[in-house]
Amino acid sequence: MRHVVPEVTWSIMKEPHARRALATVAISGLLAAGLAAGGQSAAASPGQDVVSLRDQTAFELASTLVGRNVTLRSARFVGQPFQAGTYSGVEVGDLDADGVVLSTGSVVDADPDSDDDVDFTRSSLLGPNASLTTTGDLGGAGDRRLTRLFETSTYDAAVLVMQVVPRGRVLRLTYALGSEEYAVWQERGYSDAFAIWVGGAPCSYVPSTRVLVGTDTVNADTNRRYYEANFAANDPGAGDYDTELNAFTWSLTCTARVTPGQRVAVRIAVADTGDGQLDTAALIAADSLRSTRVPARALAPAARLARPLP
C-alpha cells in the first residue's frame with residue numbers, strides 16, 4: 001500500500017529549540033502515518049549486510065577504508081555503536097558496493113528482543129526503501145565542529161577520527177551522502193550536517209567550488225548532476241537502488257595536500273540539525289583512502305599543513 005505524506009504548515013522560527021519541538025511533533029505524525037500504511041521494518045535484501053561497531057572495533061572499521069600508500073595509526077568513534085559499521089552488497093549510485101557507513105540513525109535493524117533498540121526500528125542504509133521517513137531519534141549529542149561549521153545546533157552525531165601516515169603529497173577519499181531528508185524536508189529548509197576534514201581543514205566540497213556537500217547544496221534543484229533520487233512522490237519503493245536512502249549524491253572525492261611521511265588526522269562526521277528526526281548517512285568506499293607514493297628523498301619534513309585542493 002502506498003502511503004500519503006500529509007502536508008504540514010510551518011511557522012518561521014529562528015530559535016532552534018522551538019523549531020526542534022515543532023518538527024518532532026510534525027514528523028512523529030508522519031511516522032505514525034507511515035506505520036499505519038504498512039511501513040514496518042523489513043528484512044534486508046539478499047546479499048546485503050552491515051557489521052556495526054557492536055561486533056568490531058573502530059580500528060577494524062577504519063582499516064576497511066585504507067588503500068595504497070596509507071598507513072593507519074589509530075582510530076576512534078564517537079556515537080552509539082549501532083551508528084557506524086562496514087557494509088557490503090549495497091549499491092548507492094556509482095559508489096563501491098562495499099565500505100563504511102556513519103549514520104544519524106542506526107545502520108542495522110532493531111533487535112525486537114533488545115531493551116537497547118528502542119529509539120529506532122530499521123537500518124538507515126539496507127534496502128529495500130520501505131519508508132520515506134526512516135528515523136532513529138537517539139537523543140544523542142551533537143558535534144561541536146559541525147555546529148561551528150554550519151552555525152546550527154546538531155544532534156545524534158556519528159564521528160570517525162583516524163590518524164594516518166600518507167606516503168605521497170596528496171590524500172584522497174571517496175564518499176557519498178544519502179538522506180531521508182530528501183523526500184519532504186529538504187524542500188522545507190532542513191539540511192543535516194556532514195563534513196570531512198584532513199589536518200583540520202574541511203575537504204568535502206562540491207566539485208570545483210568551496211561549497212560544502214549537503215542535502216541543501218546537492219539536490220534536485222542545486223548541483224543536480226551529482227544527485228540521484230531513489231523514490232517517487234508518496235512511493236518509497238519507486239527508486240532504482242536497493243537501499244533505504246531516499247536519495248543520495250553520486251560518488252565524490254575529498255582531495256587534500258599532505259606532508260609525505262607525517263601523521264595527519266582524517267575526520268568524518270554526520271549529525272542531525274534542527275531536530276533529531278530523519279536519518280542521514282555518510283558512505284565511504286572501501287580502500288579509497290589513498291595517497292600517491294613519492295621517492296624516498298621527498299619524504300623530508302615539510303612545514304605546511306594539510307589543505308584541500310581546488
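Quick look at the numbers
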quantity: Complete set of residues in the range 276-296 that are free of Cβ contacts under 8 Å to residues at least 12 places away in the same chain and either within 23 Å of Val211 (Cα to Cα) or assigned to a loop (DSSP other than H, G, I, E, B) (or both); calculated: Pro295
quantity: Glu7 outside any strand (DSSP E or B), at pLDDT 85 or above and not aliphatic (A, V, I, L, M); calculated: no
quantity: Residue pairs meeting the criteria (Cβ under 7 Å; at least 6 apart or on separate chains; first closer than 12 Å to Glu91 by Cβ, in the range 237-265; second part of a strand (DSSP E or B) and among the polar types (S, T, N, Q)); calculated: Leu245/Ser179; Ser251/Thr174
quantity: Single residue of the range 263-275 satisfying the filter (part of a loop (DSSP other than H, G, I, E, B) and touching a helix residue (DSSP H, G or I) at 6+ places or on another chain (Cβ under 9 Å)) that is farthest from Leu132 (Cα to Cα); calculated: Gly274
quantity: Tally of residues being in contact with a helix residue (DSSP H, G or I) (Cβ under 6 Å, 6 or more places away or on another chain) and not in a strand (DSSP E or B) across the range 98-117; calculated: 2
quantity: Of all residues making up the range 258-275, the number that are surrounded by fewer than 18 Cβ atoms within 10 Å (Cβ to Cβ) and acidic (Asp, Glu); calculated: 0
quantity: Which numbered condition Leu173 misses (of (1) within 25 Å of Ser88 (Cα to Cα); (2) of a type outside the set (Ser, Thr, Tyr); (3) surrounded by fewer than 22 Cβ atoms within 10 Å (Cβ to Cβ); (4) touching a residue at least 40 places away in the same chain (Cβ under 8 Å)); calculated: (3)
quantity: Identity of the residue in the range 70-89, in contact with a helix residue (DSSP H, G or I) (Cβ under 9 Å, 6 or more places away or on another chain) and of a type in the set (Gly, Ala, Ser), that ends up farthest from Asp279 (Cα to Cα); calculated: Ser74
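Rundown of residues vs (1) touching a residue at least 60 places away in the same chain (Cβ under 8 Å); (2) within 18 Å of the chain's Cα centre (by Cα); (3) over 27 Å from Thr273 (Cβ atoms), yes/no style:
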{"site": "Arg68", "(1), (2), (3)": "yes, no, yes"}
{"site": "Val108", "(1), (2), (3)": "no, yes, no"}
{"site": "Ser114", "(1), (2), (3)": "no, no, yes"}
{"site": "Asp137", "(1), (2), (3)": "yes, yes, no"}
{"site": "Gly140", "(1), (2), (3)": "yes, yes, no"}
{"site": "Arg167", "(1), (2), (3)": "yes, no, yes"}
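The values are calculated or read from the model by the stated rules, or taken from the named source; none is laboratory data. Everything numeric here is computed off the predicted structure, so don't read it as measured data. Note: ideal-geometry Cβ built from the backbone for every residue, glycine included; neighbour counts use all protein chains shown.
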